[in-house]
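> Sharing a structure with you now.
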Amino acid sequence: MGGDPNSPSPELLPAASYVDGRITLSFRRDLSAGGVVAEIETSGDLLTWTGGATVELVSSIDNGDGTVTVSYRNTLVLGESDQLFIRLRITEE
């Protein structure tokens, strides 16, 4: 995520927002971090998580320091009674 694991940097944590019935999750990604997969997943019940078609890339901004800030949002607009959870899942390749 572009930080030093020995020095906490709260500003590098993923950030979520809710606008017009959609949840957006933004985070920094270190372009030199090979062997790491970042996947956005959504769930309606916190038990079953789905990636891929449930989210879309909104933006990818080069920070000029070897990182990019990417933003993803859920593809379906939520109604007032709907619930949706979103998470960033990091795994090794």
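> Over the chain, with every protein chain in place, what whole percent of the accessible area is carbon and sulfur at 1.4 Å, could you tell me?
Ligands and nucleic acids excluded, carbon and sulfur reach 51 percent.
> Write down, largest first, the equivalent ellipsoid semi-axes of region 21-66 in whole Å, where each equals the square root of 5 times an eigenvalue of the alpha-carbon gyration tensor.
Details: eigenvalues 118, 40, 13 Å².
After scaling each eigenvalue by five and taking roots: 24, 14, 8 Å.
> Can you tally the net charge around GLU56? Count Lys and Arg as +1, Asp and Glu as -1, for every other residue whose Cβ sits under 15 Å from the Cβ of GLU56. Intermediate results must be reported in sequence, preceding the final value.
Details: positive: ARG22, ARG73; negative: ASP20, GLU39, GLU41.
Overall, the nearby charge balance is -1.
> What ranking do 20-30, 58-68 get when scored by the average of other Cβ atoms within 10 Å per residue, highest first? Write out the running numbers ahead of the final one.
On the way: 20-30: 17.0, 58-68: 12.4.
Most protected by this proxy first, the peptides run 20-30, 58-68.
> Could you order LEU13, LEU88 so the one with the most accessible surface comes first? Probe is 1.4 Å. List each step's numbers first, then the result.
On the way: LEU13 115, LEU88 40 Å².
Largest accessible area first, the residues go LEU13, LEU88.
> Placing unit charges on C-beta atoms (Lys and Arg positive, Asp and Glu negative, everything else neutral), compute the dipole magnitude of the chain about its Cα centre in debye, rounded to 20. Write down the numbers at each step before the final one.
On the way: 6 positive and 14 negative charges, 15 e Å.
Rounded to the nearest 20 debye, it is 80 debye.
> Under a 1.4 angstrom probe, counting protein chains only, how are GLU41, GLU11 ranked by accessible area, largest first? Present the calculation step by step, with values, prior to reporting the outcome.
Details: GLU41 10, GLU11 145 Å².
Largest accessible area first, the list is GLU11, GLU41.
> Oh, and also: Would you mind calculating the relative contact order of the chain from Cα pairs under 8 angstrom and at least 6 residues apart, reporting the percent as a whole number?
On the way: 170 pairs, mean separation 30.8, N = 93.
That works out to 33 percent.
> Another one. If I compute semi-axes √(5λ) of the Cα gyration tensor in Å from the structure I just sent, which labelled value in (i) 25, 14, 12; (ii) 21, 17, 12; (iii) 23, 17, 11 lines up?
Recomputing semi-axes √(5λ) of the Cα gyration tensor in Å here picks out (i).
> List, in order, the whole-Hz ³J(HN,Hα) value for each residue of region 28-35 obtained from phi through the Karplus relation with A = 6.51, B = -1.76, C = 1.60 and θ = phi - 60°; use x for Gly and Pro.
3J(HN,Hα) across region 28-35, in whole Hz: 8, 10, 7, 5, 8, 7, x, x.
> Output ³J(HN,Hα) for region 39-51: one whole-Hz value per residue in order, computed from phi by the Karplus curve 6.51 cos²θ - 1.76 cosθ + 1.60 with θ = phi - 60°, and x for Gly and Pro.
Couplings: 10, 8, 10, 10, 8, x, 9, 6, 10, 10, 10, 10, x Hz.
> With every protein chain in place, what's the accessible area of TYR72 (1.4 Å probe, Å², nearest 10)?
Using a 1.4 Å probe on the heavy atoms, I get roughly 60 Å².
The values are calculated or read from the model by the stated rules, or taken from the named source; none is laboratory data. This one's a predicted model, so the numbers in the text were calculated from it and none came from an experiment. So basically every Cβ, Gly included, is an ideal-geometry build from the backbone, and we count neighbours across all protein chains shown. To get the accessible areas, we keep the full protein, side chains included, count just its heavy atoms, and leave off ligands, DNA and RNA. Shrake-Rupley method; radii C 1.70, N 1.55, O 1.52, S 1.80 Å.
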